[in-house]
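Let me begin by presenting the structure, written as structure tokens, before commenting on it.
The values are calculated or read from the model by the stated rules, or taken from the named source; none is laboratory data. What you see is a predicted model; the values in this text were computed from it and never measured. Cβ atoms come from the backbone with ideal geometry, glycine included; neighbour counts cover every protein chain shown.
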Amino acid sequence: MGLSAAAALFALLVTLIAIAPGGPHSPAGYVLALACAAIQAGAIALMLRAPELSMTLGVLAGVGLELLSPGTGWLGQAAAVLAYYAMVRPPARSLWVLGVLLSGTPWKLVRGDRADVLLAAAGPALGWTLGELARR
């Protein structure tokens, strides 16, 4: 399940990097954004073996995606990584990660408006909720 989800996330991120407005402005930017997408997608594949490391890699890669291609979503698609983290860790651990992701959402005001902030907050909240519902 992890490899297929990682492949799907990578395909989604590559598509968003290519078509979302405000994407990378140079070939080097595209290469870096694709590397960040690969790292973020790979974090899902690694989640069962090293959840904390995977979540850290997913968020850090998301920061890179946010800087290079803000149209891909809040921190890339860190909500997808959070959903997997919430499936393997109890709420006492995963809620802290949700809080960290939500605390950075005002950054969206730099390039957007209140709607962007609300969408940036809704993604991680939905990801955490879906992960909790699927938790083993």
Inset, instruction - Could you tell me whether residue 78 is among the small types (Gly, Ala, Ser) and either in contact with a strand residue (DSSP E or B) (Cβ under 7 Å, 6 or more places away or on another chain) or under 17 Å from residue 20 (Cβ atoms) (or both)? - result: yes
Inset, instruction - State all residues of segment 38-65 that are in contact with a Gly (Cβ under 7 Å, 6 or more places away or on another chain) and more than 13 Å from residue 87 (Cα to Cα); if no residue qualifies, say none. - result: 40, 43, 45, 61, 62, 65
Inset, instruction - Tell me the helices (runs of 4 or more DSSP H) entirely within segment 23-130 that contain at least 1 residues that are free of Cβ contacts under 8 Å to residues at least 24 places away in the same chain. - result: 27-46, 51-68, 91-103
Inset, instruction - Just name the residue that is surrounded by the fewest Cβ atoms within 10 Å (Cβ to Cβ) out of those in segment 120-136 that are more than 13 Å from the chain's Cα centre (by Cα) and at pLDDT below 90. - result: 136
Inset, instruction - Kindly indicate whether residue 22 is surrounded by fewer than 17 Cβ atoms within 10 Å (Cβ to Cβ) and at positive phi. - result: yes
Legend entry - Residue within segment 30-43 that is surrounded by fewer than 21 Cβ atoms within 10 Å (Cβ to Cβ) and either modelled with pLDDT under 95 or touching a Pro at 6+ places or on another chain (Cβ under 6 Å) (or both) present: yes
Legend entry - Test result for residue 11, in a helix (DSSP H, G or I) and over 22 Å from residue 100 (Cα atoms): yes
Legend entry - Options 16, 75, 9; residue that is surrounded by 15 or more Cβ atoms within 10 Å (Cβ to Cβ), closer than 22 Å to residue 115 by Cβ and within 10 Å of the chain's Cα centre (by Cα): 75
Legend entry - Some residue of segment 54-66 being surrounded by fewer than 17 Cβ atoms within 10 Å (Cβ to Cβ) and not hydrophobic (A, V, I, L, M, F, W, C): yes
